[in-house]
1. If I filter the range 367-382 for residues that are at pLDDT below 95 and either open to solvent by 10 Å² or more (accessible area, probe 1.4 Å) or on the phi < 0 side of the Ramachandran plot (or both), do I get at least one hit?
2. Please return the ranges of helices (runs of 4 or more DSSP H) entirely within the range 249-355 where 2 or more residues are closer than 26 Å to Phe137 by Cα and of a type in the set (Val, Ile, Thr).
3. Return only the number of the condition from (1) buried (at least 24 other Cβ atoms within 10 Å of the Cβ); (2) within 12 Å of the ligand (Cβ to nearest atom) that Ile244 does not satisfy.
4. Of all residues in the range 247-262, count the ones that are within 18 Å of Glu289 (Cα to Cα), open to solvent by 20 Å² or more (accessible area, probe 1.4 Å) and either among the aromatic types (Phe, Trp, Tyr) or in contact with a strand residue (DSSP E or B) (Cβ under 9 Å, 6 or more places away or on another chain) (or both).
5. Right, Gly196: within 7 Å of the ligand (Cβ to nearest atom), under 30 Å from Ala427 (Cα atoms) and part of a loop (DSSP other than H, G, I, E, B) or not?
6. List the pairs whose first member sits in the range 42-57 and is farther than 13 Å from Glu379 by Cβ, whose second member is open to solvent by 30 Å² or more (accessible area, probe 1.4 Å) and within 6 Å of the ligand (Cβ to nearest atom), and whose Cβ atoms are under 8 Å apart, counting only residues at least 6 apart or on separate chains?
7. Using the structure shown, decide if Arg579 is modelled with pLDDT under 95, open to solvent by less than 70 Å² (accessible area, probe 1.4 Å) and outside any helix (DSSP H, G or I).
8. Do you know which residues across the range 200-211 are under 27 Å from Val165 (Cα atoms), near the ligand (Cβ under 7 Å from one of its atoms) and open to solvent by 20 Å² or more (accessible area, probe 1.4 Å)?
Amino acid sequence: MDAIDCDVIIIGSGMAGLRAAISAVETGPRLRVCVVTKVVGPRSHSISAEGGMAGVLYPEVTGDSYEAHAYDTVKGGDYLVDQDAALILAREAPSEILYLERIGVPWTRDSDGRIAQRLFGGMSRPRTAFVGDKTGFYIMSALYRRARSLPIEFYEEHLVTKILVVRGRFMGVTALNLRKGELVLFRGRAGIVASGGGGRLFRLTTMGYLNTGEVWGFALRAGIALKDMEFVQWHPTALVPSGILITEAARGEGGYLVNKLGERFMKNYAPQKMELAPRDIVSRAILTECKEGRGFTHEESGMCYVGLDLRHLGEDVLKKRLPQLVELVKTYTGLDPLVDLIPVAPAVHYFMGGIHTDAMGRVLNSDGEWVIGLWAAGEAASVSVHGANRLGSNSLAECAVWGRLTGVEAAKYALEAPQLSAIDLDARALYNEEEERIFNRLLHKEVGGVSIGQVRSLVQEALHRGAGVFRDGRVIGESMAMVSRAIELIGQVNVHDVGKVYNMELKELIELEGALPVAQAILIGAYYRLESRGSHYRVDYPNRDDSRWLVHTITYRYGDGVSVTWSPVRITKWRPEIRVY
Ligand SMILES: Cc1cc2nc3c(=O)[nH]c(=O)nc-3n(C[C@H](O)[C@H](O)[C@H](O)COP(=O)(O)OP(=O)(O)OC[C@H]3O[C@@H](n4cnc5c(N)ncnc54)[C@H](O)[C@@H]3O)c2cc1C
């Protein structure tokens, strides 16, 4: 058995994971900080972030303030935001933007030489810093370069298969070394989960193929709770039919949405903010236009869409501010945004929910107790800063703020935590169990006849129907039954490739099998929440109900299934109000 002893283990090398690794090693330069990631570092999904990162940079010039950023975030999240977390985000994000500049991010400048800031949906002021529309690429390049210059150990192409928690304490992870096909035990005193979102659980998503969501399932199995999983963000403007993101920055720069009658229909849904209303509102508006017959129909796919009109912005703006968008549209549709409308429709884009944490990113179980030694950051975590709907550009800010914060806290903890030898036997026993599960039960099995694709399509269909933009209790119930069927079928999936090196079939099976309880958690949360709030819109309960549902949904493993409870929202400053734009 290969066993690697680390002080801090970080699952994931996206923006949150890299930021955490850098701050952990800077806090404890002698600590052994290990990043375990299933891709080659910077290929993580963060690299495709486009529009920018929120943070109030020049309050004295713009009249903006941290309070305004936090308030916009709380209102945008339909008051399900923990307000102490929103204030941390607003206060810490500016210094993270400046930190990124110091390590090499070439933020776009305005004519006065200041870092330029653009408007994003639901924001009362332009406060999003950006590098054209390739922000994630520049941030990830700078973070990876910086991380590689420090004594951080990278274990790339290592698929984490299990989180080891014994008697309420984090002990490490097991990971499949994809290059060799061997299971590795990583023992650690502290851990940070930064494994990103799970868009690939759905049929149409803007997320990359690595965002399969299994680490959330491993968390459930380890006794960790998930929070607010029913809040799935559908981004209003994904390219039709591929689902590739067309950044909100396009509307931030002045783009219009039009229906087939040529009307800027957002005037009927959000007369003040128009195209820059929060994403949940714009997505519902687009699908309402479709339902009522005012959308276009895509010939090949039959998908309904509306038009994004950027023609009036002119060549200069498109070239300087949105060059990647122009390239993507031309490559994937053959259309020219200077001449044509861009066909767009909603697609799954972000998970407001994730691993249940407190405002410091400490991972909690369903009783609200800290899983000792474990933190979570980035999209994998739910520190409750986005509530029921995330505002665009707040996610990169969150990755940086809680990446740094959890890195510091985990390092401080590891400096004082007990030596690893004390936990050795338990870790070895868990490793043996996992080895048996992967190589004897998943890779070689007697029964079979079902393909990975069949099970995946069943789950994607279930979530598409049950956890879409518009939801209905009866349909969610049917989707739950479909996921139960998928759980039965997964035991009958055969892996045809029994080789060790880069066994992608085995990898996909581990990912899908791991993510099935996550599909359950999303649907259970959606089923029980009898109201409409943010991205969760129930046609059978169309109103927000603060008297009963101003609470977080907590899902956790119970027997072989997933159960649910609720916990209060932390309201420290702003009382919930009606949310109009
Ligand atoms: C197309 C697109 C554009 C976006 N643009 C913006 C934007 O402009 N501004 C903004 O604020 N937000 C944006 N977002 C959201 C934002 O990019 C993401 O929420 C954020 O980048 C997530 O970063 P992360 O570090 O949490 O996870 P990721 O970058 O997704 O990284 C996850 C990491 O976890 C690892 N991992 C996962 N599972 C395993 C496993 N089993 N074993 C080992 N490793 C594992 C992966 O290898 C990867 O390294 C965008 C999202 C999309 C989809």
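1. No, every residue in the range 367-382 fails to be at pLDDT below 95 and either open to solvent by 10 Å² or more (accessible area, probe 1.4 Å) or on the phi < 0 side of the Ramachandran plot (or both).
2. Here the list reads 323-333.
3. Here Ile244 clears every test but (1).
4. So the count comes out to 3.
5. Yes.
6. Here the result reads Arg43/Leu210, each pair linking the range 42-57 to a residue that is open to solvent by 30 Å² or more (accessible area, probe 1.4 Å) and within 6 Å of the ligand (Cβ to nearest atom).
7. yes
8. Result: Leu210, single match.
The values are calculated or read from the model by the stated rules, or taken from the named source; none is laboratory data. The structure displayed is predicted, hence computed values, not measured ones. Every residue, glycine among them, receives a Cβ derived from its backbone with ideal geometry; neighbour counts consider all protein chains shown. These area figures cover heavy atoms from the full protein model, side chains too; ligands, DNA and RNA do not enter into them. Shrake-Rupley method; radii C 1.70, N 1.55, O 1.52, S 1.80 Å.
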